[in-house]
Amino acid sequence: MGEDKDQVKKSDSKFSSLLRTWRGQSEGEYPTIPSFLYREELCFSHSGKLNLLCLLYSEDMEIGIKRADTGYFRPKPDGSIEAVIA
């Protein structure tokens, strides 16, 4: 998913470097709960259109997946980027 950069149209080239799965882990800390270890996976892909599809998974390393978000980024003619994340 998202590995074939050759499919990205030339007008999408500013997004082509994002097309991959990004992973990382860290420690979360809030004043009212004990600190916790978590990992995240962020996957950027596309369907051949100008939209950049986005999937985000956050997982507490002790108890499993806590949330998943999906959305897209779309370049607009004025140079701005529309983002919809749910």
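The values are calculated or read from the model by the stated rules, or taken from the named source; none is laboratory data. Values in this document were obtained by computation on a predicted structure and should not be read as measured data. Note: ideal-geometry Cβ built from the backbone for every residue, glycine included; neighbour counts use all protein chains shown.
Return yes or no: is Ser13 within 17 Å of Ala83 (Cα to Cα), out of contact with any Lys or Arg (no Cβ under 9 Å at 6 or more places or on another chain) and either at pLDDT 80 or above or not in a strand (DSSP E or B) (or both)?
Answer is no for this residue.
Output the residue which, of all residues in the range 46-78 that are in a loop (DSSP other than H, G, I, E, B) and charged (D, E, K, R), is farthest from Gly24 (Cα to Cα).
Asp78
For Pro34, work out the one condition from (1) more than 9 Å from the chain's Cα centre (by Cα); (2) at pLDDT 90 or above it doesn't fulfil.
Just one mismatch for Pro34, condition (2).
What number of residues within the range 45-66 satisfy the criterion of being in contact with a Leu (Cβ under 9 Å, 6 or more places away or on another chain), closer than 30 Å to Gly79 by Cβ and either at pLDDT 90 or above or not hydrophobic (A, V, I, L, M, F, W, C) (or both)?
6
Inside the range 16-27, can you point out the residues that are surrounded by 12 or more Cβ atoms within 10 Å (Cβ to Cβ), at pLDDT below 90 and not hydrophobic (A, V, I, L, M, F, W, C)?
Ser16
Just to be sure I understand the filter: pairs with C-beta atoms under 9 Å, separated by 6 or more residues or on different chains, first member in the range 47-59 and surrounded by 16 or more Cβ atoms within 10 Å (Cβ to Cβ), second member of a type in the set (S, T, N, Q) and part of a loop (DSSP other than H, G, I, E, B). Which pairs pass?
Pairs that qualify, where the first residue is surrounded by 16 or more Cβ atoms within 10 Å (Cβ to Cβ) and the partner is of a type in the set (S, T, N, Q) and part of a loop (DSSP other than H, G, I, E, B), are Leu53/Ser47.
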